[in-house]
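Before any comments, here is the structure.
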Amino acid sequence: MKHIYLLLLLIAFVFSTTPLRAQETETLVLIDTDMGKIKVKLFNDMPLHRDNFIKNVSENLYEGLLFHRVIKQFMIQAGDITSKDAPLDKQLGSGDLNYTIPAEIIYPKYFHKRGMLCAARTSDESNPERASSATQFYIVTGTFFTEMELDKMEKTENKTFTPEQKQSYMLEGGIPSLDDKYTIFGEVASGMNVVDKIQFVPVDEHDRPLKNIKIKSATIVAK
């Protein structure tokens, strides 16, 4: 009887922990571009943005869209739904679906260090709740900061950086000025070399690459 009781306890434990383990598994998305492949993982504690991105990927929404805004040592941006087959002289950046995603800003757990996957949005003036675009996203490249520069930001901009933030901004780089203002819902798991190739391409006065950089496909992958 004791053996049966212990077995039942073991089965109960396995079933009680299975949902937790499943929840801890992060979704991986492979973004295949003209310049190479970028794999991103989506954070589970950003369920609205995670699920919306998965929906977009499952519907092949990103296929054929461009990286329409590229600023070296800052970020690369894609997801304008009007960018597919857009002529080179067209100014891009306003194409979106007819809804927004409520902000999911968890700061300082997630901050704008190099490689973070973030949701684009309209400005605070028209969007004080900082709701995110349904389709547009950016990947942080950023630049390096010294400890003195970060200390100065804390004093002049009323910021407080954690030790992890300071270390990341000094050793990896990022964009501390955007912290606590945009939803960060994932990060690059592999392919930052491709992100770097994209960030240094020549662009026009609107930061659009002079030669189109297309997303050939975006697919959910196992690993």
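The values are calculated or read from the model by the stated rules, or taken from the named source; none is laboratory data. What you are looking at is a predicted structure, and each value in this text was computed from that prediction instead of being measured. With ideal geometry, Cβ positions are generated from the backbone for all residues, glycine too; neighbour counts draw on all protein chains shown.
With the condition kept exactly as written, say whether any residue in segment 196-208 is within 24 Å of residue 54 (Cα to Cα) and either of a type outside the set (Lys, Arg) or surrounded by 15 or more Cβ atoms within 10 Å (Cβ to Cβ) (or both). Yes - at least one qualifying residue is present in segment 196-208. When you look at residue 212, is it at pLDDT 95 or above, polar (S, T, N, Q) and either farther than 19 Å from residue 54 by Cβ or within 15 Å of the chain's Cα centre (by Cα) (or both), yes or no? Taking the combined requirement at face value, the residue satisfies it.
Under 7 Å between Cβ atoms, which residue pairs at least 6 apart in sequence (or on different chains) link something in segment 44-55 that is in a helix (DSSP H, G or I) with a partner that is loosely packed, with under 14 Cβ neighbours inside 10 Å and not polar (S, T, N, Q)? Pairs that qualify, where the first residue is in a helix (DSSP H, G or I) and the partner is loosely packed, with under 14 Cβ neighbours inside 10 Å and not polar (S, T, N, Q), are 48/102; 54/220.
Looking across segment 111-132, the residues that are crowded, with 22+ Cβ neighbours inside 10 Å and farther than 14 Å from residue 172 by Cα come down to 117, 118, 119, 132. Exactly one residue out of 116, 153 is under 16 Å from the mean Cα position of the chain (by Cα) and aliphatic (A, V, I, L, M): that is 116.
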